[in-house]
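Worksheet: one structure, shown below.
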Amino acid sequence: MVSLTADDRRRLRGAEGPALKLAMDVVCATAEIGGAARLIDIEGAHLSESFYAGQAHQDFVDRMISLGARVVVPTTVNPGSATLRGPQGATADPEAVSAARRLMRSVLRLGCRPSFTCAPYQLPGCVTQGGHVAWSESSAVVYANAVIGARTNLHYDYEDLCAALVGRVGDHGLHRDGERKASLIVDVGAVALEILRHELGCHLLGHLVGSAVGHAIPAIIGLPAETRLDWLRALGAAASSSGALRMFHAVGITPEAPNLNAATESQAGLPRLEVTGSDLRSAVNDLSRPGEGPLQGVYLGTPHFSLVEFDGLLHLLDGRRVRDGIACIVNTSRHNRDVLRARGLLGRLERAGVALMVDACTYYGLPLAGLRGRVMTNSAKWAYYAPRTHDVAIEFGTLQDCVESAVNGEPCRADSVWHDHLWR
Amino acid sequence: MSQGGGLRDTVALDLPEGAYGSESFFVREREAVFRGTWTLAGFGYQIPEPGDAMPVTVAGLPLLLVRSETGEVRVFHNVCLHRGCPLIREPVRRQKRLTCLYHGWAYDLGGRLRARPYFLEGGRHDIVDRKSGLGLEPVRSAQWSDLVFVNLGGKAAPFEEYARPMLSRVADYDLSMLRHGDRVLDFDVAGNWKLVAENWLDALHIFAIHPELNDFADQSGRERTEVDGHMFPGVYEFAEPRAGMVLDPGRRRVMSREGANRVWSFYMFPSVFIQVRPDHLVVFDLVPVAPDRTREHIHFYFMGAAADDTENAEARRIVYEAWDAINAQDIGPIEGMQEGRQSTAFRGLLASPYWDEALTHFTHLVNSHMADGGLAHG
């Protein structure tokens, strides 16, 4: 039984209008299912309402707009199922494109920020450690919990919008201290340091951990202090694709895991997963779908490329140009694009033949509908999903491999991290 | 953000108790943080010619920097093989050998042991073959511009990875002309080194205590400090160049045309902060001395003759005085916090969701290195 405050009850009775009554109904029902004893305030929300997955989306949002609903906490939204401007993929249905764009505009009328990104944590003013939010993008949920130390369960359409309208969620799951502890240990101590000091290590580890642990919370030991935020992000994104990871601890690195004791309720009897270089190599095979024929394109930025990653990309390009005929598309947020423009970097990317895609997603939705052929990515998440939505063969590589392949026009593994002796 | 989203009343930074004042934390930190990462050891200009050498202490260990016959800077542990006496106590110039003052053991500029006077008996010196393999213990080092970095633990990721976020952001700057200025500013701060570093990352305090900086480029146009591994880049643009903020407001010469109105700053965890201004470089070197004491040195690099000529002497003086004043403005609150944080009323830092991503990451980096000792790759 969820105990409610006087304010909660007033909304539930409809005293603050039908929109809030409906939202409160949904929030309370969800809290009940989750086993919450009460509702708690959230300080922000991130919604996936902006992605058109059918007319019901538009209907629900329209209904809320017509009832005068407005979000009461800072609220960002996921990419849409089409970009707001420009041509979409070869097989995109024009009606679906208009529907996608209409929905994207509609959610803004609810008071959401026009962020259209799966990486809300890259936006200024994002939640900090200890803050409660309601987020509904899986990779962002892992990032919020694990890397920021904020608290959110994975929310879903349309319950995420309801939470943003009332600013409340059930106090259960990852909102509670006791539910955030690790239930198994993943030890990467046997993996070569060269791999772990590379983005690749975290992409692969994420893929492996996701498929091995499902929705359990792992405490990963053995990651070096040099592990970068974007790598932890890649780990979470991969693991919430191949599995249902919502939270992990990287012992010594993430904020709630200064040591193994802090990350676990009790270490005794916890299952232990030892990861080796050859396990990671099998993850490479898992993520690759070899194909024949010329390279069509290189797809970066799943989740949305960060400013730090753009810096790395420009560094690797080193003034060179992508080979004519190769699409090199980087998916990012409009916010990041605007910052790049202000810093004079957008021109450099354009001159290098790199195209940015904002407001939408490269593996999901309409912008690249009909994409086929042999493509390359450095993202385990993209490699996992793209073959399910596009007719593509995947060459999985590092960012350096992707850049060299784009410049040379054919897939190659140029990165020294691939040296055989590291992968035993 | 229209709906508020202001400060939340939670503790955002969570360093362990004693992190700012206890001797034991300080000692462990010296090992885990300062020996575990790349830290600044010295500057090339301090040993300009082959055979020049100088002693330095980094993270509690005695080292020596020496310029070889071929002009490279090398770093060794400043400890004679024989009895563990420091090899040099003072800077030396144009030596062919570095000779231990205690028993005269002589090493060449590559650190190889070459002679042990009277070692075999009263009149017999031992001339050591250069291929003997005996010699001073080398320290892993790297140089960027004139700055010499060391990784004492030897296990940090390559220097290029640490520095890459800086190198790539100033890739179009011509740093080849830089020469050390004619003054170094020294400060003795009664505060833990982390308070100094946190202040470098804190882009929010400028409007309140640095009126001249705020006047140059005000807070509303500033961005928060970024996070890129062990590097924290920050950047802002200014409208009009001013004396003190640039060497030459007439801007006859800048390191990058694109950067003519831009100031980059880079905090490289843990010990060095670099500001790249259009026509000069400012390097802050932080040396923890005790849990509650830190020495801070500010070095300046200008372009070519402007580093020490008379024509620019007045302009340089204004630059030095500007930084002297700015740093003095920071030291008050830093020393105050050293006391304030010992108070029972202080319960941890409150973070701004806009400005303080960098501060949060700084805390996590300290924690990561402190924890790394206990992990498989320690």
- Message: Looking at the structure I just gave you, is B:SER132 of a type in the set (Ser, Thr, Tyr), in contact with a strand residue (DSSP E or B) (Cβ under 7 Å, 6 or more places away or on another chain) and more than 25 Å from B:TYR267 (Cα to Cα)?
- Response: yes
- Counting residues that are among the acidic types (Asp, Glu), which strands (runs of 3 or more DSSP E) fully inside segment A:343-401 reach at least 1? A:391-396
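Looking at the structure I just gave you, is A:GLY293 in contact with a strand residue (DSSP E or B) (Cβ under 8 Å, 6 or more places away or on another chain) and more than 22 Å from A:ARG424 (Cβ to Cβ)?
Yes, satisfied.
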- Message: Can you tell me which condition A:GLU179 does not meet? The list is (1) farther than 30 Å from A:CYS402 by Cβ; (2) open to solvent by 10 Å² or more (accessible area, probe 1.4 Å); (3) out of contact with any Gly (no Cβ under 6 Å at 6 or more places or on another chain), and all the others hold.
- Response: (3)
- Given (1) small (Gly, Ala, Ser); (2) surrounded by fewer than 20 Cβ atoms within 10 Å (Cβ to Cβ); (3) not in a loop (DSSP other than H, G, I, E, B), B:ALA306 misses just (2)
- Message: If I ask for residues that are more than 16 Å from A:TYR52 (Cβ to Cβ) and either in contact with a helix residue (DSSP H, G or I) (Cβ under 6 Å, 6 or more places away or on another chain) or in a loop (DSSP other than H, G, I, E, B) (or both), which ones from segment A:62-84 would you list?
- Response: A:LEU67, A:GLY68, A:ALA69, A:ARG70, A:VAL71, A:VAL72, A:VAL73, A:PRO74, A:THR75, A:THR76
- Could you check, for segment A:244-254, whether at least one of its residues is open to solvent by less than 30 Å² (accessible area, probe 1.4 Å), modelled with pLDDT of 95 or more and of a type in the set (Phe, Trp, Tyr)? yes
- Message: Here's a check for you: in segment A:104-123, which residue that is more than 17 Å from the chain's Cα centre (by Cα), surrounded by fewer than 23 Cβ atoms within 10 Å (Cβ to Cβ) and of a type outside the set (D, E, K, R) is nearest to the other protein chains (Cβ to nearest Cβ)?
- Response: A:GLY111
- Message: Against the definition (modelled with pLDDT of 95 or more and out of contact with any helix residue (DSSP H, G or I) (no Cβ under 8 Å at 6 or more places or on another chain)), how does A:ASP41 come out, yes or no?
- Response: yes
- Item | Identity of the residue in segment A:288-308, within 14 Å of chain B (Cβ to nearest Cβ) and modelled with pLDDT of 95 or more, that ends up surrounded by the fewest Cβ atoms within 10 Å (Cβ to Cβ) | A:SER306
- Query: Which condition breaks for B:ASP356 when tested against (1) modelled with pLDDT under 85; (2) open to solvent by 40 Å² or more (accessible area, probe 1.4 Å)?
  - Reply: (2)
- Query: Out of segment A:220-249, which residues are of a type in the set (Gly, Ala, Ser) and either farther than 18 Å from A:THR276 by Cβ or in a helix (DSSP H, G or I) (or both)?
  - Reply: A:ALA225, A:ALA234, A:GLY236, A:ALA237, A:ALA238, A:ALA239, A:SER240, A:SER241, A:SER242, A:GLY243, A:ALA244
- Query: Only one residue in A:ASP93, A:ASP7 is open to solvent by 70 Å² or more (accessible area, probe 1.4 Å) and over 27 Å from the mean Cα position of the chain (by Cα), so which one is that?
  - Reply: A:ASP7
- Message: Quick check on segment B:104-112. Is at least one of its residues part of a strand (DSSP E or B), open to solvent by 40 Å² or more (accessible area, probe 1.4 Å) and not hydrophobic (A, V, I, L, M, F, W, C)?
- Response: yes
- Failed item in (1) in contact with an Asp or Glu (Cβ under 7 Å, 6 or more places away or on another chain); (2) farther than 20 Å from B:VAL58 by Cβ; (3) in the same structural domain as B:GLU314 (by TED's automatic domain parsing); (4) in a strand (DSSP E or B), with B:ARG179 passing the rest: (1)
- Search result, residues across segment B:187-208 that are outside any loop (DSSP other than H, G, I, E, B), open to solvent by 20 Å² or more (accessible area, probe 1.4 Å) and closer than 12 Å to B:ILE334 by Cα: B:ASP188, B:ASN199, B:TRP200
- Message: Yes or no: segment B:132-153 includes at least one residue that is within 14 Å of another protein chain (Cβ to nearest Cβ), surrounded by fewer than 14 Cβ atoms within 10 Å (Cβ to Cβ) and either assigned to a loop (DSSP other than H, G, I, E, B) or not aromatic (Phe, Trp, Tyr) (or both).
- Response: no
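Identify all residues within segment A:309-333 that are surrounded by fewer than 17 Cβ atoms within 10 Å (Cβ to Cβ) and touching a strand residue (DSSP E or B) at 6+ places or on another chain (Cβ under 9 Å); write none if there are none.
Going residue by residue through segment A:309-333, those that are surrounded by fewer than 17 Cβ atoms within 10 Å (Cβ to Cβ) are A:318-321, A:323-325.
Across segment A:309-333, the qualifying residues are A:ARG323, A:GLY325.
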- Note: among B:ALA290, B:ALA306, just one is farther than 24 Å from B:SER145 by Cα and of a type in the set (Gly, Ala, Ser), namely B:ALA290
- Residue tally, condition modelled with pLDDT of 95 or more, surrounded by 24 or more Cβ atoms within 10 Å (Cβ to Cβ) and closer than 15 Å to A:ASP41 by Cα, over segment A:124-149: 3
- Item | Among the candidates A:LEU184, A:LEU193, A:LEU204, residue that is within 23 Å of A:HIS421 (Cβ to Cβ), open to solvent by 10 Å² or more (accessible area, probe 1.4 Å) and not aromatic (Phe, Trp, Tyr) | A:LEU193
- Query: Taking segment B:157-191 as the region of interest, how many residues are of a type in the set (Val, Ile, Thr), more than 14 Å from chain A (Cβ to nearest Cβ) and out of contact with any Ser or Thr (no Cβ under 6 Å at 6 or more places or on another chain)?
  - Reply: 1
- Message: Suppose we filter segment B:214-268 for residues that are within 19 Å of the chain's Cα centre (by Cα) and part of a loop (DSSP other than H, G, I, E, B); how many remain?
- Response: 5
- Message: With the requirement that a residue be within 22 Å of B:LEU63 (Cα to Cα) and among the β-branched types (Val, Ile, Thr), what does segment B:99-140 give you?
- Response: B:THR99, B:VAL139
- Item | Residues located in segment B:234-283, provided they are surrounded by 18 or more Cβ atoms within 10 Å (Cβ to Cβ) and basic (Lys, Arg) | B:ARG262, B:ARG277
- Breaking point among (1) touching a residue at least 12 places away in the same chain (Cβ under 8 Å); (2) away from chain B (no Cβ under 14 Å); (3) open to solvent by 10 Å² or more (accessible area, probe 1.4 Å), for A:VAL284: (3)
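The values are calculated or read from the model by the stated rules, or taken from the named source; none is laboratory data. Keep in mind that this is a model prediction, so the values were computed, not measured. Reconstructed Cβ throughout: ideal geometry from the backbone, glycine too, with neighbour counts over all protein chains shown. These accessible areas exclude ligands, DNA and RNA; they are computed on the full protein's heavy atoms, side chains included. Shrake-Rupley method; radii C 1.70, N 1.55, O 1.52, S 1.80 Å.
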